[in-house]
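Engineer: Shown below is the structure under consideration.
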Amino acid sequence: SSSLITKDLERYGIMIFIGQHSASHLPQETSLLVYSNAVKNDNPELLEAKKRGIGCISYPEAVGRLLESYKAIAIAGAHGKSTTTALMSLILIEGGLDPTVIVGTRLKEFNDSNYRLGKSNYFVVEADEWRAAFLNYHPWALLITSIDREHLDFYKNFGTIKKTYLTFISGMKDEGILVLNADDKGIISIKEKIEAIAEKKSLKVLWYSSKDTIASIIKENIQIPGDHNISNAIGAFTLATHVDVSQKNIIRALASFKGTWRRFEYKGILNGARVFDDYAHHPREIQATLQGAKTLVKNNGKVWCVFQPHQRERLALLFKDFVKSFKDADNVVFLPIYEVVGREEKDTTMNTERLYNEIKKKQSVYYVSDPRDLKGFLKDKVKENDILIMMGAGDVAKYTEELVR
């Protein structure tokens, strides 16, 4: 079905087909086909392109080709990379370095786009780890926020994830800059291997932490909530100081940032409660978002979290972590799982009801089987001074719009 993203693309004059894929969608004059990593080998358009002898490359391969002619700055990590990419980009703009940018979310500063064309040789890119996409990038500078048990549908285990990050670091330009989060257990667990690669490639390694002296200044200036966002900002600060941006310009950029699309994004009011939309879909992200929300509640208000699980396999593999993720919410409302096309194993034993039944032993939880009933369910429950967070990576955002109409 159509989405905010497809509508944005149509505004740029791009032809969009909604529904079934078909070989007939491929224009005769096509010289190159760029496909998502989610596209399967039997896709009719991909097969037609190969039949005609048209060049076919994945989206990460296409981005990798673009980066070859730039001084590339990559932002990677299981969590926080979109926000950190946005912060790094705005810092470079404030510092007069005019970068080109690709980020994995829409930014108001980019006219609600995820892309900015700059005039310098700097290119800031959000480096996605799903299906090892970032191995197509060979950056001059790399910032890693975290390494976690994510995308296990592809990687299968944490060890493979760590090895892939080490391969990514090995592919950096010699004498580059590597910035790492010293507070992240996943990164610290491979510290010796990282340092061995860094020595071999003559990389400058910079570690950052929420304990850094700059943290208090950043906390006073940053406008987005949560300790995780302070950490993201410290990471961007650490890298920016080694790209010739002054502390004054860095802090000014951090202070001006209001957040990104679907990252604790304020959407409106429901029955006096403030409504936010958030992309969190991994246990660690849920915890971080709810912790940030808790700090904003005043006058005996409550934190309400409406959560739509994303992908059965993720819920199954991280079930115990999900159960422990909602402790900072006063009330949790669960919706049915959003099933990801092309990525779901039909494991019908894993569903939202199992998560609901486990968590209801410890805290106040509800289950709404039809998201269309959500507004009617919530309107008499949420009150003034409450915070309501609509959370998930599926289509939960469209129900957020209905709540605040």
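Every read-out reported here was derived from the displayed coordinates using simple, explicitly stated rules and does not represent laboratory data. Note that the structure is predicted; figures quoted are calculated from it, not measured. Cβ coordinates were reconstructed from backbone atoms using ideal geometry, including for glycine residues, and neighbour counts include every protein chain displayed.
Engineer: Mind listing the phi-derived Karplus ³J(HN,Hα) values for region 311-323, rounded to whole Hz, using 6.51, -1.76 and 1.60 with θ = phi - 60°, and x for any glycine or proline?
Structural biologist: 6, 4, 5, 4, 4, 5, 6, 10, 4, 4, 5, 4, 4
Engineer: Extending each Cα 7 Å along its Cβ direction at L9 and W207, get the distance between those two points in nm, one decimal.
Structural biologist: Using points 7 Å along Cα→Cβ, the separation is 4.3 nm.
Engineer: Between R354 and E61, what FRET efficiency follows from the Cβ-Cβ distance if R0 is 35 Å, with the result rounded to 0.05?
Structural biologist: Efficiency for this residue pair is about 0.35.
Engineer: Find how much the distance from V404 to A38 grows on full extension, using 0.36 nm per residue of separation minus their present alpha carbon separation; answer in nm with one decimal. Let's see the in-between values first.
Structural biologist: Numbers: separation 366, 0.36 × 366 = 131.76 nm, distance 3.25 nm.
Result: 128.5 nm gained on full extension.
Engineer: Note down the magnitude of the dipole of the chain about its Cα centre, charges +1 on Lys and Arg C-beta and -1 on Asp and Glu C-beta and zero elsewhere, to the nearest 20 debye.
Structural biologist: 540 debye
Engineer: OK, next. Defining a contact as two alpha carbons under 8 Å apart and six or more residues distant in sequence, what relative contact order in percent does region 267-378 show?
Structural biologist: 24 percent
Engineer: Remind me, relative contact order of the chain in percent, using alpha carbon pairs under 8 angstrom and six or more residues apart?
Structural biologist: 13 percent
Engineer: Additional query: Where the centre of each part is set by its Cα atoms, how far does region 389-405 sit from region 111-175, in angstrom?
Structural biologist: 28 Å
Engineer: Net charge within 15 Å of E199 by Cβ-Cβ distance, Lys/Arg positive one each and Asp/Glu negative one each, not counting E199 itself?
Structural biologist: Net local charge, E199 excluded: +1.
Engineer: Over its Cα atoms, what ratio of radius of gyration to 2.2 N^0.38 Å does region 256-405 give? It would help to have the intermediate numbers written out before the result.
Structural biologist: Numbers: Rg = 14.5 Å, N = 150, 2.2 N^0.38 = 14.8 Å.
So region 256-405 has a normalised radius of gyration of 0.98.
Engineer: Let me ask something else. May I ask you to sort T238, T160 by Cβ crowding, counting other Cβ atoms within 10 Å and putting the fewest first?
Structural biologist: In increasing order of surrounding Cβ atoms, one gets T160, T238.
Engineer: Okay, next question. Extent of the chain along each principal axis, from alpha carbon coordinates, in Å, largest to smallest?
Structural biologist: 59, 57, 40
Engineer: Please list the non-local residues whose amide H lies under 5 Å from the amide H of G268, H modeled 1.01 Å from N, same-chain partners needing a gap of 5 or more.
Structural biologist: It is V275, by chain and number.
Engineer: Considering only DSSP beta bridges with both partners in region 265-403, what is the antiparallel share in %, to the nearest 5?
Structural biologist: Values: 5 of 23 bridges.
Close to 20 percent.
Engineer: Something else: How large is ³J(HN,Hα) for each residue in region 115-130, as worked out from phi by the Karplus curve 6.51 cos²θ - 1.76 cosθ + 1.60 (θ = phi - 60°), to whole Hz, x for Gly and Pro?
Structural biologist: Whole-Hz 3J(HN,Hα) from phi for region 115-130: 9, 9, 9, x, 10, 8, 8, 8, 9, 9, 10, 6, 9, 7, 8, 4.
Engineer: May I pose another question? Using each residue's phi in region 253-270, evaluate 6.51 cos²θ - 1.76 cosθ + 1.60 at θ = phi - 60° and report the 3J(HN,Hα) Karplus result to the nearest Hz, with x for Gly and Pro.
Structural biologist: 5, 4, 5, 7, 7, 9, x, 10, 4, 6, 10, 6, 8, 5, 10, x, 10, 10
Engineer: How high is the FRET efficiency between I54 and S1 when r is their beta carbon distance and R₀ equals 22 Å, given to the nearest 0.05?
Structural biologist: Once rounded, the FRET efficiency stands at 0.20.
Engineer: Follow-up question, since we're still on this one. Could you work out the helix-only [θ] at 222 nm for the chain, with each DSSP H run of four or more residues adding -39,500 (n - 2.57) and the total divided by the number of residues, to the nearest 500 deg cm²/dmol?
Structural biologist: Working: 17 runs with 146 residues, N = 405.
So the calculated ellipticity at 222 nm is -10000 deg cm²/dmol.
Engineer: May I ask you to list the residues of region 369-385 whose amide nitrogen lies under 11 Å from a point 7 Å from Cα along the Cα→beta-carbon direction of N271?
Structural biologist: 375-384
Engineer: Could you list which residues have their amide H under 5 Å from that of L206, counting only those 5 or more apart in sequence or on another chain, with H placed in the peptide plane?
Structural biologist: When sequence neighbours closer than 5 places are left aside, the close amide H contacts are L178, V179, L180.
Engineer: While we're here: Would you please give the FRET efficiency between D227 and E339, computed as 1/(1 + (r/R0)^6) with r the Cβ-Cβ distance and R0 = 51 Å, to the nearest 0.05?
Structural biologist: E between D227 and E339, to the nearest 0.05, is 0.95.
Engineer: Further, regarding this structure: Whole percent per 5 Å bin, from 0 to the bin with the longest distance: what is P(r) over all C-alpha pairs of region 68-256?
Structural biologist: 1, 8, 18, 22, 22, 16, 10, 3, 0
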